[in-house]
Amino acid sequence: MTPFGIVMPGRILFGRGEAARAPELIVSLGRRGIVVHGASAARAAWLTEALKDRAEVLALTCAAEPDLSAVIAGTEDARRFRPDWVAAIGGGAAIDFGKAIAALVPMDTPVTDHLEVVGKGLPLSVAPLPFVALPTTAGTGAEATRNAVIGLPEHGRKVSLRDDRMMPRLAIVDPALTDHCPKGVTLASGLDAVVQVIEPFVSTRANAFTDAVAWPAIGQGLRALARVMQGEDAAARDAMAWVSLSGGIALSNGGLGAVHGLAGPIGGLCGAAHGAICGALLAPVLAANRRLARGAAAVRLDLVCTEIARELGCNPVDAPQALGRWIADLGLPDLAAQGLSPDRHEAIARASISSSSMKGNPVALDEAQLVAILQAGSNPRGA
């Protein structure tokens, strides 16, 4: 068996009603803290008010996927407050924002020293503040990852601040927090969750642990997403929250692939939602990888296609194309509709080759092959 290591949150609480335990557990980390929430403060009010009854709290808003200027400003506000901990409640953007602030508040070195791709990619010079994550969407798995994705508009891309110590001290995954999530957000985040159990399974860094976490979640994610898109379904929300958590754990320990390798530059250039980008890329990347893979990689890709075919009722040979049509039928906009113009394809393909995610792809894809994937992702019926 290939040797492997496991990086996980310090503690995970999963299940309906578990969020009620958050205030007491968070306050046990100290009497002063930061609460990061998404654009709607009302959705996080139950937590911030409960914490304010027990501690000194500063609330910070993350209204969109965080860029470097927002992270620096938030870090400066947090430093002035002198927190003992940081908690984030929201989607992946809010959790990444909080995770970055928890990492940067104790630091005395420039953030660019620690950014991947555009910086030096150095480990943190000081351990982060204790960080607690409460996801309100089922998709990114950010509650179980050791990085924060940060946009760099001047570079036209998104990069990671990464360190094993950035894993949350506590992750509370309460599927009830995702109930009645808007349909478009549910679809985009749900497809991201599915991508994040497929890519670690076929990754060059896959291992016995990530296989055990990712493989059962692939079919489960497709089934649950189909159900919740038909109408509000608590059991399907539970399943999607589990698939999302599984994806975060799997990618942290097994890597990703070309979907995420391309998604970073696309998100940096056109500002589309990360999950929607990943959903539009899934079928064409799967098709390209399967066409080019050999040996053990081909076996794993065939297993994935067989699982997709079982869920969608198609022939495994046609699974990538059927998946692309299914995603389009659910209402996901293609890459062109998300704002990616064809004249950007070559630049994005070039930029993606240097991404950390691309290193896990089961096939080495050249620029021309990546451009072809982007073209297919701009066709709602093509893979």
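FYI, it's all coordinate maths here, none of it is from the lab. This one's a predicted model, so the numbers in the text were calculated from it and none came from an experiment. Please note: Cβ atoms are built from the backbone with ideal geometry, for glycine as well, and neighbour counts cover all protein chains shown.
The string of couplings for the stretch 115-129 from the Karplus curve (6.51, -1.76, 1.60, θ = phi - 60°) is 7, 6, 6, 8, x, 8, x, 6, x, 4, 7, 9, 5, x, 5 Hz, one whole number per residue in order, with x for Gly and Pro.
Determine the gain in length on full extension of the stretch D233-D179; use 0.36 nm per residue of separation and subtract their C-alpha separation, reporting nm with one decimal. Don't skip to the answer; put the middle values down first.
Numbers: separation 54, 0.36 × 54 = 19.44 nm, distance 0.83 nm.
Result: 18.6 nm gained on full extension.
With the simple model of a label 7 Å out from the Cα in the direction of the Cβ, A226 to R11 spans 3.9 nm.
Roughly what % of DSSP beta bridges within the chain run antiparallel, to the nearest 5? Intermediate results must be reported in sequence, preceding the final value.
Working: 7 of 29 bridges.
Bridges in the chain are about 25 percent antiparallel.
Each DSSP beta bridge with both residues in the stretch 12-177 is either parallel or antiparallel, and the antiparallel ones are about 25%.
Against the main long axis of the alpha-carbon atoms of the chain, helix 274-292 sits at an angle near 40°. Working from Cα positions, state the angle (0 to 90°, nearest 10) between the long axis of helix 68-81 and the longest principal axis of the chain. Computed tilt is about 20 degrees.
The Cα trace of the stretch 12-177 gives Rg and Dmax of 14.6, 43 Å, the first to one decimal, the second as a whole number. Summarised as an ellipsoid, the stretch 263-383 has semi-axes of 23, 18, 11 Å, derived from the eigenvalues of the Cα gyration tensor scaled by 5 and square-rooted, with the largest first. Could you state the angle between the C-alpha long axis of helix 258-270 and the longest principal axis of the C-alpha atoms of the chain, as a value from 0 to 90 degrees rounded to the nearest 10? The answer is roughly 60 degrees.
The stretch 184-203 and the stretch 13-91 have Cα centres lying 26 Å from one another.
Multiply the residue gap between A212 and N379 by 0.36 nm, knock off their C-alpha separation, and tell me the result in nm, one decimal place. Write down the numbers at each step before the final one.
Details: separation 167, 0.36 × 167 = 60.12 nm, distance 3.38 nm.
Fully extending the segment from A212 to N379 adds 56.7 nm.
Its Cα gyration tensor gives the chain an equivalent ellipsoid; the semi-axes, largest first and in whole Å, are 32, 23, 19. Only DSSP H runs of four or more residues enter the estimate; each adds -39500 (n - 2.57), and after division by the residues of the chain the mean residue ellipticity at 222 nm equals -16000 deg cm²/dmol.
The aspartates and glutamates within cross-link reach of K120, meaning a Cα-to-Cα straight distance under 14 Å and a gap of 8 or more places when in the same chain, are D163.
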